[in-house]
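Novice: Have a look at this one.
The values are calculated or read from the model by the stated rules, or taken from the named source; none is laboratory data. The shown structure was predicted, so the numbers you read here are calculated from the model rather than taken from an experiment. For neighbour counting, all protein chains shown are included, and Cβ atoms are generated from backbone atoms with ideal geometry for every residue, glycine included. Side chains included, ligands, DNA and RNA excluded: accessible areas come from the protein's heavy atoms. Shrake-Rupley method; radii C 1.70, N 1.55, O 1.52, S 1.80 Å.
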Amino acid sequence: MQISLLQCQSSRDVQANLAFVDSQLKDLPREANEPQLVVLPECCLLFGGHESQQLEYAGSQHQSELKNALASMAKKYQVYFIAGTIPMRADDGRVFSRCYFFDDHGVTLGHYDKLHLFDVEVSDNTKTYRESDTFHPGDHISVIDTPFGKVGLAICYDIRFGDMFRALRLAGADYIALPSAFTKVTGEAHWQVLLQARAIETQCYLLGAGQWGQHNQGSRETWGHSMIVDPWGRVIAERATECGWVQAKVDLAELQRIRQQMPLMGHNRFREPQLK
């Protein structure tokens, strides 16, 4: 199977972002009849929009124009499609940052709402990030069964919480997709080492699809360096800068070999700390 991550430089212009994704899928390098898993980055169709714009485009349980557009692309280009994140309405007036997974007929296989929200101080032009002002946190993990293995879903800041990734592995994940928009500052410091650590700990393929470059007239800058990391922690494909595809062919036989030779899940004796 071929995995293809799309590195984007998305903006607040939803139609332009949709057109870019469609154009890239149209020219996706692929072999005939080869199964294809495509992963988009976080905020792929709306990057940096303030609360009112997020609500303007947010879908509901019964209707979402952005979800429908992404599902149509999956069907049109016949790809299994982890479609980055889009806003979906929550009951408290905020929105979920939701990642949908579509099959190659555009059917929804499942979704995941971002659990960990990025409320931090960063030494860049933005300085203060408060995702919780706009976004409502999710309350569950998601591992989705496919013909080519089980795929766990996580989003950006989640990568810093190893317990969540262990839970994805225990739920059966073979791959963990991570649509992301790491800042340049935090990405340069931690992006690659976190992806490799989570891959080694879980013995899963880590699929880190990122945003890159200057967004919305320079108000935000993201790190890029989208990469595929194998279960041994090796970076097997990477795109450091610019927009475009990151691709690698993967084989679950290699994953099973690593797990058999070093059966971490069976060796783990730690459950909860015992205080004395």
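Novice: Specify which residue in the list Gly149, Pro41, Gln9 is farthest towards the positive end of the charge dipole of the chain, using unit charges on the beta carbon of Lys, Arg (+1) and Asp, Glu (-1), about the Cα centre.
Specialist: Gly149
Novice: Express the relative contact order of the stretch 55-138 as a whole percentage, based on alpha carbon pairs under 8 Å and six or more residues apart in sequence.
Specialist: Numbers: 162 pairs, mean separation 20.5, N = 84.
With pairs under 8 Å counted, the relative contact order is 24 percent.
Novice: Here's something else I'd like to know. Averaged per residue, what accessible area in Å² does the stretch 170-246 show with a 1.4 Å probe, protein chains only?
Specialist: Working: 2650 Å² over 77 residues.
Computed with neighbouring chains in place, this is 34 Å² per residue.
Novice: In what sequence, highest mean first, do 93-100, 54-61 appear when ranked by Cβ atoms within 10 angstrom? Don't jump to the answer; show the numbers that get you there.
Specialist: Working: 93-100: 22.4, 54-61: 14.9.
So the peptides 93-100, 54-61, ranked by packing, come out 93-100, 54-61.
Novice: Continuing with the same structure: Leaving out same-chain residues fewer than 8 places away, which lysines sit with a Cα under 29 Å from that of Lys67?
Specialist: In chain and number order, the partners are Lys26, Lys75, Lys76, Lys114, Lys150, Lys184, Lys249.
Novice: Nearest 20 debye, what's the magnitude of the dipole of the stretch 1-99 about its Cα centre given +1 on Lys and Arg Cβ and -1 on Asp and Glu Cβ? List each step's numbers first, then the result.
Specialist: Numbers: 9 positive and 11 negative charges, 34 e Å.
The calculation lands at about 160 debye.
Novice: Treating only the Cβ of Lys, Arg, Asp and Glu as charged (+1, +1, -1, -1), what charge dipole size does the chain show about its Cα centre? Round to the nearest 20 debye.
Specialist: The calculated dipole for the chain is roughly 600 debye.
Novice: For the ranges 139-148, 3-12, 242-251, what's the packing order if you count other beta-carbon atoms within 10 Å of each residue, average per peptide, and put the highest first?
Specialist: Working: 139-148: 14.8, 3-12: 23.9, 242-251: 16.5.
Listed from highest to lowest mean packing, they are 3-12, 242-251, 139-148.
Novice: Moving on to the next point. In the chain, what percent of the accessible surface is made up of carbon and sulfur (1.4 Å probe, ligands and nucleic acids excluded)? If you can, show how the numbers build up before the last one.
Specialist: Working: 6170 of 12780 Å².
Answer for the chain is 48 percent, counting heavy atoms of protein chains only.
Novice: For the chain, what is the relative contact order in percent, using Cα pairs closer than 8 Å and at least 6 residues apart in sequence? Walk me through the numbers before you get to the answer.
Specialist: Details: 635 pairs, mean separation 52.2, N = 276.
Relative contact order here is 19 percent.
Novice: Arrange the peptides 259-271, 68-80 so that the one whose residues have, on average, the most other Cβ atoms within 10 Å appears first.
Specialist: Working: 259-271: 9.5, 68-80: 18.3.
Most protected by this proxy first, the peptides run 68-80, 259-271.
Novice: Ok, one more. Rounded to the nearest whole Å², what accessible area per residue is found for the stretch 1-123 with the 1.4 Å probe?
Specialist: For the stretch 1-123, the per-residue accessible area is 43 Å².
Novice: Next up: Post the alpha-carbon centroid distance, the stretch 171-187 to the stretch 54-100, in whole angstrom.
Specialist: Spelled out, the Cα-based centre of one part sits 19 Å from the other.
Novice: From the residues His190, Gly106, Ala90, which one has its Cα farthest along the dipole of the chain in the positive direction, the dipole being from +1 and -1 charges on Cβ of Lys/Arg and Asp/Glu about the Cα centre?
Specialist: His190
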